[in-house]
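Data block below; observations after.
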Amino acid sequence: MSANFYLSSHANNHLHPRAAVVAARQEDYKHATEQELAFIEIWSASAMQKMCKRLNLRQQVLATAIVFFRRFYLRNSYCETEPSLVAAACVYVAAKAEETPVHVKSAVSEAKAVFNEMGMTTFQADNNRLAEMEFYLIEELDFHLIVFHPYRALMQLCGRDGGEQAGGEEGRESRRKMLEMDDHSFQMAWFIINDTFRSSLCLIHPPHLIALASIYLALAMNPPRSLISAFSSLNNNDHNKSSHSTTSTSSSSLGDAGVASRTRRRGSGDASNNPSNSNLASSSSSTAGGGGASNAKPGGQTDPLTFLASLDIDQTSLLEIIQEIISLYELWSMLESTSNSSQSTTTSPASPNPNGTTIGNPSGRGLKLEGNNVDQKLVGLIKRMQESRMRELREERSRAAQVGGSSSSTAGSGKRG
């Protein structure tokens, strides 16, 4: 199971449709908005990152801890639990699952130090509480502790999952078909994967699609020479073709019909006669065949255009992941920008408030984010959510007691009658 993703508990039990993830947050939606809950996801990942750094744990342990945290809150709500204790337990269990265990005393002391720095002074340095939470966490995870991350998929897609001699001739031939990616772009894709754990993508999409989305974004931000030359040739050919068509057509025929006819002619041309396609093919073949220098080091040898065009995947899902990653960066930037003032500067256009700011609050359910930095704002948000939930529970118990009292009095009067 640990070697085959499609036979693992991750693939068969822990990939959920987006509707299921939204449904799991219904209790929290009563006390916070969708945007505020997304802020909590970003903040919780940052908290676990700080804990792992203090415990000298590697990146994969952090990724596993965040996945455990996300899975736990598919069945629980932020307003009814203590996220700081859950986060500490996730780091503690993930270190064991990734075979780099830490002592419970170290986990508790470092977690207390981190949360005190973040303004959550209610975290108790109690070893027994963390040990007890460990059992609750494992039970909520259905005892499924093996997690597949996009890192492995990224290395396999780029042919970097072994040295030059790994796998023999068959392995070398397989790596030649993988994506050729320079170290800078590869590192950028790796960092993008790191950032995706600040969202719920790991609960919805398989790791290989997240890895492909990170490759798309890395190539878009740092395009290789093959892509630049290919698209330059494509643009030049389109420009020459358009100029030739313009000079051969009289000015009286350059109406909407002429533009439409040129567009149809450009799109319906035969691929074998299309100079753009021939330039792309020649660029791809020259890049793929000219890998003499890259043969000395592990890595793929297929140029990005050929590699991406050969993928047999659902492009709709891939584009959805890319859009979600971009939205995550926008949301993350919005959250960090609130630390520039003593109060949040992100105000819902539907309900401005001169005394405080409510994020994304068209229905009036949101909570004011107040404080001098991001940590204080999010700690205050979680505290207010919990207090709101406690008031709701007290009101429910009070109503139940009133109904019970009226029922008993009615029953007593009926007996006397």
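Details
- Flag for ALA63 being crowded, with 22+ Cβ neighbours inside 10 Å, in a helix (DSSP H, G or I), touching a Leu at 6+ places or on another chain (Cβ under 7 Å) and at pLDDT 95 or above: no
- ASN4 more than 18 Å from ALA111 (Cα to Cα), out of contact with any His (no Cβ under 9 Å at 6 or more places or on another chain) and open to solvent by 30 Å² or more (accessible area, probe 1.4 Å): yes
- Checking PHE135 against (1) over 21 Å from ILE321 (Cα atoms); (2) of a type in the set (A, V, I, L, M, F, W, C); (3) open to solvent by 10 Å² or more (accessible area, probe 1.4 Å); (4) in contact (Cβ under 8 Å) with a residue 12 or more places away in the chain, the condition it does not meet: (4)
- All of (1) touching a Cys at 6+ places or on another chain (Cβ under 9 Å); (2) over 24 Å from TYR151 (Cα atoms); (3) of a type in the set (Phe, Trp, Tyr) hold for PHE72 with one exception: (2).
- Annotation for the range 193-202: no member residue is free of Cβ contacts under 8 Å to residues at least 60 places away in the same chain and open to solvent by 60 Å² or more (accessible area, probe 1.4 Å).
- Unique match (being assigned to a helix (DSSP H, G or I) and surrounded by fewer than 16 Cβ atoms within 10 Å (Cβ to Cβ)) among ALA19, ALA47, ALA94, ALA89: ALA19
- Among the candidates LEU74, LEU55, the residue that is within 23 Å of THR196 (Cβ to Cβ), out of contact with any helix residue (DSSP H, G or I) (no Cβ under 6 Å at 6 or more places or on another chain) and surrounded by fewer than 23 Cβ atoms within 10 Å (Cβ to Cβ) is uniquely LEU74.
The values are calculated or read from the model by the stated rules, or taken from the named source; none is laboratory data. None of these values were measured; they are calculated from a predicted model. As a convention, Cβ positions derive from the backbone with ideal geometry for all residues, glycine included, and neighbour counts pool all protein chains shown. Areas reflect the complete protein model, heavy atoms only, side chains present, ligands, DNA and RNA absent. Shrake-Rupley method; radii C 1.70, N 1.55, O 1.52, S 1.80 Å.
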